[in-house]
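As structure tokens, the structure follows; a few thoughts come after it.
Nothing in this text is a laboratory measurement; each read-out follows from the coordinates by a stated rule. Predicted model, so just to flag it, every value in this text is computed and none were measured. Note that each Cβ is placed from the backbone with ideal geometry, even for glycine, and that neighbours are counted across all protein chains shown.
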Amino acid sequence: MHATPGQPTPPLFTWEFATDPYPTYAWLRTHSPVHRTTLPSGVEAWLVTRYVDARQALADPRLSKNPAHHDEPAHAKGKTGIPGERKAELMTHLLNIDPPDHTRLRRLVSKAFTPRRVAAFAPRVQELTDRLIDGFADRGSADLIHEFAFPLPIYAICDLLGVPAEDQDDFRDWAGMMIRHGGGPRGGVARSVKKMRGYLAELIHRKRETLGAESADDDLISGLIRASDHGEHLTENEAAAMAFILLFAGFETTVNLIGNGTYSLLRNPEQRTLLQESLAAGRTDLLETGVEELLRYDGPVELATWRFATESLTIGGQQVGEGDPVLVVLAAADRDPERFDGPDVLDLSRRDNQHLGYGHGIHYCLGAPLARIEAQTALATLLRRLPDLQLAVDPTDLRWRGGLIMRGLRTLPVEFGTPTY
């Protein structure tokens with residue numbers, strides 16, 4: 001399906017679009033639900049915007065995650081993945097492979113990244129959350145992105161992986177480079193990826209040498225090594241790639257979830273008040289449904305990561321050619337009025353909420369339980385400790401990062417009165 005004659009497609013990927021893409025996505029759902037466009041990188045791709053098409057595409061085995069299936073012209077070479085991951089030998093992770101390799105690696109990682117390990121990590125997330133708020137609580141103002149939403153998940157994932165405390169600031173610097181350059185020059189990201197790769201290789205090697213039968217180490221990298229040492233053939237390259245993608249995919253999504261979620265609550269004071277009253281009464285049901293609604297309403301991942309057609313196929317009535325890149329627009333699908341009642345309204349109590357914020361099918365986000373714990377802890381603690389939190393600038397002064405996949409604020413200046421403890 002193509003755009004209706006006489007109705008030009010609204011501009012995509014401008015700063016105005018980044019600020020509020022939802023009217024444009026509504027137009028695409030109506031007039032061109034599977035839309036071919038040229039991305040800022042020069043790559044041509046299909047955007048899938050309707051919920052029913054998006055859900056089907058996310059689970060369609062004919063849409064491969066392996067970039068080798070991309071029929072890429074010379075000018076697009078290497079522009080459909082994480083900058084530097086190919087040169088750093090970090091391609092063998094869950095976002096780039098298909099079954100049967102995907103099945104084997106996901107099974108191995110699942111053995112290490114267990115619900116029990118994530119649940120046991122909740123007190124540490126609370127400790128980190130309180131420590132970060134302590135750092136600015138007495139000042140009466142803060143930038144919640146740089147002082148809270150960004151450091152919380154990076155320190156949490158470093159702790160979970162088993163990165164020593166003395167090395168975690170290096171990871172914070174590398175992660176910061178990725179966020180700052182997410183929509184701009186790829187060189188800075190590639191350099192950070194290379195540094196991460198070298199560090200992870202050394203850390204895995206050290207842990208493998210010291211991880212004996214009597215070792216009590218219970219971090220995630222040690223878990224990956226144990227899984228690989230029981231006949232499952234997880235190589236050091238695979239372990240490094242998996243640790244890298246857990247870090248890469250696990251921190252920026254949570255930065256944006258906390259940042260976007262806080263901003264949405266500040267812009268919807270009646271919903272924020274309902275949540276504060278629920279938490280004050282000792283209930284967590286509205287917090288749990290609320291985080292899911294925040295994921296749907298203005299989630300951290302705007303477009304699902306790259307897929308490539310392994311054969312010619314039809315999506316939503318549109319013919320997609322073999323080798324074509326396909327990007328499922330989660331932000332558009334999750335505002336589809338054919339699936340959600342009042343999709344542009346934030347309703348923290350929404351029950352029928354099968355959003356696609358964590359994906360769907362075999363590539364459903366492995367880190368979803370950790371993201372939920374971090375977001376629920378961060379938002380509940382902010383609202384409890386800083387009950388009169390408010391924006392310190394006009395919403396029109398805020399700027400959104402212009403990266404292709406992620407959606408997040410550059411800064412979130414806030415003000416507040418006397419904190420509670």
Legend entry - Amide H within-cut-off set for residue 400, under 5 Å, with H built and near neighbours excluded: 410
Inset, instruction - Pop the C-beta distance of residue 420 and residue 209 into the FRET formula with R0 = 51 Å and round what comes out to the nearest 0.05. - result: 0.60
Inset, instruction - Return the long-range amide H neighbours of residue 36 (sequence gap of 5 or more, or a different chain), with a cut-off of under 5 Å between placed amide H atoms. - result: 47
Inset, instruction - Quick one: which residues, 5 or more positions from residue 315 or on another chain, have an amide H under 5 Å from its amide H? H modelled 1.01 Å from N in the peptide plane, none for Pro or chain starts. - result: 320
Inset, instruction - Give a residue-ordered list of calculated ³J(HN,Hα) values for segment 350-365 (Karplus: 6.51 cos²θ - 1.76 cosθ + 1.60, θ = phi - 60°; whole Hz; x for Gly, Pro). - result: 4, 9, 7, 9, 7, 5, 10, x, 9, x, 6, x, 5, 9, 3, 4
Legend entry - For peptides 191-197, 243-249, sequence by mean Cβ density within 10 Å, most packed first: 243-249, 191-197
Inset, instruction - Evaluate the Debye formula for the chain with equal point scatterers sitting on the alpha carbons, no solvent, and hand back log10 of I(q)/I(0) at q = 0.06, 0.09, 0.11 Å⁻¹, in q order, two decimals. - result: -0.24, -0.55, -0.85
Legend entry - In sequence order, calculated HN-Hα J values of segment 136-147 (Karplus, 6.51, -1.76, 1.60; Hz; x Gly/Pro): 10, 4, 7, 8, x, 7, 6, 9, 5, 6, 6, 9
Inset, instruction - Determine, for each peptide in 16-22, 205-211, 359-365, the mean count of other beta carbons within 10 angstrom over its residues, then list the peptides with the highest first. - result: 359-365, 16-22, 205-211
Inset, instruction - Return the single residue from 367, 42, 176 with maximal mean-square fluctuation; model: Gaussian network over the chain, springs between Cα atoms under 10 Å. - result: 42
Legend entry - Whether segment 231-382 is rounded, prolate or oblate, judged on the alpha carbon gyration tensor where a/c under 1.5 counts as rounded: oblate
Legend entry - Highest average packing first - 147-160, 273-286, Cβ atoms within 10 Å: 147-160, 273-286
